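K.L.:
Sharing a structure, written as structure tokens. Questions coming.
Read-outs throughout are calculated quantities, based only on the coordinates presented, and are distinct from any laboratory measurement. Bear in mind the structure is a predicted one, so any value in this text is a computation, not a measurement. Every residue, glycine among them, receives a Cβ derived from its backbone with ideal geometry; neighbour counts consider all protein chains shown.
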Amino acid sequence: MGVLYEKKGHIAYVTIDNPDKGNILDHDTSDEISRVWKDIWDDRDVRATILTGSGDRHFCAGHNLAPPPGVSAEDFDRIRTENIFWPLSGTVNGAKIGADGRLGDHYPQIWKPVIGAINGWAAGAGFYILLTTTDIRVACDEHARFKFALLSQGWVGNGPGASYLTRQISHADAMRILLADEAFDAKEALRINLINEVVAHDQLMIRSEEIADRIAGMPPVAVRMMKEFAIRFRDVPVSEAWRGQTLFNTLLTQLTTDGDEGRKAFLEKRPPEFTGGIRPKAEGYPELSPEERALLDETRRELYG
């Protein structure tokens, strides 16, 4: 077992559990964590996830790049080369399609919040998971270290790490990380806005759970759609993004029960109880007489014209 997976209440806990090998993603572990992300996405009772690594040395130190057992280095090299021109169906950029069809099974972006509890080294694939899969990042002051680990090996990388890094921090900081390929600590990661917080090691999971608990108490459908909106529309013009935001909001207010619950709880001065309920399909509005239509249109112009 390369991944520990458990659920407590509305929170899922995913721990890469291969500490003797730096919590690397070998073939079996990659397949296992892919199945976990699918389960998290399909389980509507899960509202937030905490991703971490076993021990206090490594979050995830990268991939195991060796050929799978029974496959010679020569055959493995030929398969990878031919795959450039003839990628398999059901794959994206050489990776299996997992819970998310855009980034493959190793670096999925499910539309549920993921908190990264960075307990040690995040290097190579561990760094890319941080960039692609996690939304909020809490790092351990004593042990968290970060290294892109690409250019020093003569690569720019098959994974989406470089593509995401340049979109998440400043150009100057991204280029230093990519071109110098030097390791840096949690305080530096915080300075460049790669992570949200730095805490002591014994507070890492406590703080991550506080954030997850807070999110789990929010309306789950609205949270899911807020994450999708923020990611899907971040590279489109503002006017188009705003249009998408308005459409998302209309769906939430018209087709979910949590929008009503939030307003009702506010007026009644009580904590809201969000369930993620979906409204059933209903009949359309009744037809209006010409006089009724004119009055309604006049009112609409007064409100929104």
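K.L.:
Out of the chymotrypsin sites (Phe, Trp or Tyr not before Pro) in the range 1-97, which ones are loop residues according to DSSP with at most 14 other C-beta atoms within 10 Å?
P.N.:
Those that pass, being in a loop and sparsely packed, number zero.
K.L.:
Same structure, new question: When the Debye formula is applied to the Cα atoms of the chain, each taken as the same point scatterer, what base-10 log of I(q)/I(0) results at q = 0.15 Å⁻¹?
P.N.:
At q = 0.15 Å⁻¹ the computed log10 ratios are -1.26.
K.L.:
Counting other Cβ atoms within 10 Å, which GluC sites (Glu not before Pro) in the range 98-206 have at most 12 and lie in a DSSP loop?
P.N.:
182
K.L.:
Given the options 134, 253, 81, state which has the largest fluctuation in a GNM of the chain using a 10 Å cut-off (strictly under) for Cα springs.
P.N.:
So, out of 134, 253, 81, the one fluctuating most is 81.
K.L.:
To the nearest µm²/s, what D does Stokes-Einstein give for the range 220-304 at 20 °C and 1.002 mPa s, using the Kirkwood radius over alpha carbon pairs as Rh?
P.N.:
The estimated diffusion coefficient comes to 137 µm²/s.
K.L.:
When the chain is fully extended, how far beyond the present Cα-Cα distance does residue 246 get from residue 142, taking 0.36 nm per residue of separation?
P.N.:
On the way: separation 104, 0.36 × 104 = 37.44 nm, distance 4.35 nm.
Result for the pair: 33.1 nm of gain on full extension.
K.L.:
Counting only trypsin sites (Lys or Arg not before Pro) that sit in a DSSP loop (anything but H, G, I, E, B) with at most 15 other Cβ atoms within 10 Å, what is the longest stretch of the chain containing none of them?
P.N.:
No qualifying site falls inside 103-233, the longest such stretch.
K.L.:
Between residue 8 and residue 170, take the C-beta separation as r, use R0 = 35 Å, and let me know the FRET efficiency to the nearest 0.05.
P.N.:
0.40
K.L.:
Going by Cα centres, the range 285-302 and the range 51-98 are how many Å apart?
P.N.:
Centre-to-centre (Cα) distance: 61 Å.
K.L.:
Right, here's the next one. Return the whole-Å distance between the Cα centroid of the range 251-282 and the Cα centroid of the range 178-199.
P.N.:
Spelled out, the Cα-based centre of one part sits 40 Å from the other.
K.L.:
Another question, if that's okay. Working out 0.36 nm times the residue gap between residue 203 and residue 273, then minus their Cα-Cα distance, what length gain in nm do you get to one decimal?
P.N.:
22.3 nm
K.L.:
Using alpha-carbon pairs under 8 Å, 6+ residues apart, how would you state the relative contact order of the range 147-210 in percent?
P.N.:
That works out to 34 percent.
K.L.:
Identify all lysines with a Cα-Cα distance to residue 147 below 19 Å; exclude those on the same chain that are fewer than 8 residues away in sequence.
P.N.:
Candidates past the 8-residue exclusion: 21, 187.
K.L.:
Hey, which lysines would be in cross-link range of residue 8, C-alpha to C-alpha under 23 Å, not counting anything within fewer than 8 residues on its own chain?
P.N.:
38, 112, 227
K.L.:
So, one more: Please give, to one decimal in nm, the separation of the simple spin-label points placed at residue 38 and residue 300, each 7 Å out from Cα toward the Cβ.
P.N.:
Calculated label separation equals 4.5 nm.
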